[in-house]
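Each remark here refers to the structure printed beneath this line.
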Amino acid sequence: MKSINQNKSFKTVAVIVVVGVILGAAILLWKKDSGTPAGPETGKEVAQAPAGKGGTKEGAGHGGEEGLVKLTSQQVQQAGIKVARAGAETIESSVQLPGEVRFDQDRTAHIVPRVPGIAESVQAELGQVVKMGQVLAVISSPELAEMRSTLNAARTRMDLARSTYEREKKLWEDKISAEQDYLQARQAYEEARIAANNAESKLRALGVASGKGQVNRYELRAPFDGIIVEKHISLGEAVKEDSNVFLLSDLSRVWVDVVVTPKDLGVVRVGETATVKAAAADLSATGKVTYVGALVGEQTRSATARIELVNPSLAWRPGLFVNVSLVQNAKQVAVAVQSEALQTVEDKPVVFVQTPEGFKAQPVVVGATGKDHVEVLEGLRVGTVYATTGSFVLKAEQGKSSAEHED
């Protein structure tokens with residue numbers, strides 16, 4: 001009986017062990033198929049969080065700090081951006097006036113024949129550079145031939161009258177001839193001499209030689225060094241004594257006629273230095289004001305001023321429209337920047353200041369404006385490095401970055 005009970009107990013324990021093994025296996029299989037990560041996997045996910053944060057920071061840096069344009073030194077060089085330091089400057093305010101280049105009337109001549117005739121030869125060409133005394137054209141003139149013939153006849157009569165006078169004088173001194181004959185001979189000689197002098201003076205007034213050669217030949221010569229800017233004569237053409245056959249001008253110096261309104265008459269004074277720039281060409285020069293009109297035009301309500309320019313390369317051509325700048329006053333300022341450095345962002349003036357990362361748009365308050373510099377009242381200190389040439393490139397880059405940041 002005792003043996004039977006022991007067998008039953010053994011069987012019960014075995015069943016319990018088998019059930020336990022089965023339950024343990026089931027639990028292990030359930031854990032293996034589930035998606036719950038173990039402890040080390042969770043630690044790895046937390047470790048990725050700073051990297052994600054760093055990526056966000058890098059994305060914000062593309063737009064940069066507000067107003068900041070990030071550029072490397074190589075990018076700055078490629079963009080052609082140049083820098084300068086803010087500092088004290090003399091700001092010169094100026095007045096701008098319109099003008100036009102003109103011939104120097106003191107060195108411009110209308111060449112006329114002075115005697116009528118036919119163009120026998122024409123040596124000068126339009127645009128030719130000629131020297132003083134150079135023959136421009138030769139005119140065959142019957143009137144000139146008559147004048148020279150008259151001179152030759154007057155000289156012959158004068159020579160004959162002088163011989164008669166000298167003979168009668170000697171006879172009178174030797175008491176051979178009467179004094180009356182001597183006086184008549186002297187009078188005839190004086191009249192012949194006066195006639196010869198008059199005939200010679202007429203030729204001299206025409207600027208022609210009275211010597212030998214063709215009596216009808218009239219040579220037109222250049223009165224000074226210059227350029228033939230107009231030509232109105234051709235071979236075989238009949239010309240009058242008052243015809244403007246050539247216009248000669250010395251273009252090594254030119255005038256600039258300036259239109260001056262009444263409010264600017266106080267600025268434009270004789271002796272002032274003016275800067276002249278061509279409106280349609282890359283030309284600039286300085287000259288002196290030599291004349292200011294005393295009257296204001298009834299129609300234009302403006303006066304005329306004149307500036308003389310040296311023109312060695314002949315680049316300043318008459319008829320060229322120009323802008324004339326005259327300094328109105330000068331002011332010494334503590335801080336100034338170059339005019340090209342000033343840009344407008346959101347309707348406010350800014351200057352792009354250099355930083356270790358690139359350039360930052362610095363709002364400024366400006367004051368006096370000059371030809372090349374602008375006074376800065378607020379926003380910059382002396383010695384601040386800022387962008388000059390190429391600052392518009394920085395403005396464009398900043399606008400581009402702002403647009404990307406908004407998107």
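The values are calculated or read from the model by the stated rules, or taken from the named source; none is laboratory data. Keep in mind that what you see is a predicted model, and the values were worked out from it rather than measured. Quick reminder, even Gly has a Cβ in these numbers, built from the backbone with ideal geometry, and neighbours come from all protein chains shown.
Computed quantities for the displayed model
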| item | result |
| --- | --- |
| Hits in region 279-295 - residues which are part of a loop (DSSP other than H, G, I, E, B), surrounded by 16 or more Cβ atoms within 10 Å (Cβ to Cβ) and either in contact with a Leu (Cβ under 8 Å, 6 or more places away or on another chain) or among the hydrophobic types (A, V, I, L, M, F, W, C) (or both) | Leu283 |
| Total residues in region 261-278, condition loosely packed, with under 13 Cβ neighbours inside 10 Å and closer than 21 Å to Ala330 by Cα | 6 |
| Per-region count, region 326-372, residues out of contact with any Asp or Glu (no Cβ under 8 Å at 6 or more places or on another chain), at pLDDT 90 or above and surrounded by fewer than 16 Cβ atoms within 10 Å (Cβ to Cβ) | 1 |
| Where Ser313 falls short, out of the listed (1) hydroxyl-bearing (Ser, Thr, Tyr); (2) free of Cβ contacts under 8 Å to residues at least 24 places away in the same chain; (3) assigned to a strand (DSSP E or B) | (3) |
| Failed item in (1) surrounded by 14 or more Cβ atoms within 10 Å (Cβ to Cβ); (2) without any contact (Cβ under 8 Å) to a residue 60 or more places away in the chain, with Gln123 passing the rest | (1) |
| Subset of region 296-310 [charged (D, E, K, R) and either modelled with pLDDT of 90 or more or part of a strand (DSSP E or B) (or both)] | Arg306, Glu308 |
| Leu235 vs. criteria buried (at least 18 other Cβ atoms within 10 Å of the Cβ) and in a loop (DSSP other than H, G, I, E, B) | no |
| Check on Gly379, surrounded by 18 or more Cβ atoms within 10 Å (Cβ to Cβ) and among the small types (Gly, Ala, Ser) | yes |
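Rundown of residues vs (1) of a type in the set (Ser, Thr, Tyr); (2) assigned by TED's automatic domain parsing to the domain that holds Val322; (3) at pLDDT below 85, yes/no style:
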{"position": "Ile176", "(1), (2), (3)": "no, no, yes"}
{"position": "Leu183", "(1), (2), (3)": "no, no, no"}
{"position": "Ala196", "(1), (2), (3)": "no, no, no"}
{"position": "Lys212", "(1), (2), (3)": "no, no, yes"}
{"position": "Val215", "(1), (2), (3)": "no, no, yes"}
{"position": "Tyr218", "(1), (2), (3)": "yes, no, no"}
{"position": "Gly236", "(1), (2), (3)": "no, no, no"}
{"position": "Val267", "(1), (2), (3)": "no, yes, yes"}
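Here is a yes/no grid of residues against (1) out of contact with any Phe, Trp or Tyr (no Cβ under 7 Å at 6 or more places or on another chain); (2) in a helix (DSSP H, G or I); (3) touching a residue at least 24 places away in the same chain (Cβ under 8 Å); (4) of a type in the set (Asp, Glu):
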| site | (1), (2), (3), (4) |
| --- | --- |
| Leu326 | yes, no, yes, no |
| Ala330 | yes, no, yes, no |
| Ala334 | yes, no, yes, no |
| Val351 | no, no, yes, no |
| Gly367 | yes, no, yes, no |
| Glu375 | yes, no, yes, yes |
| Ala396 | yes, yes, no, no |
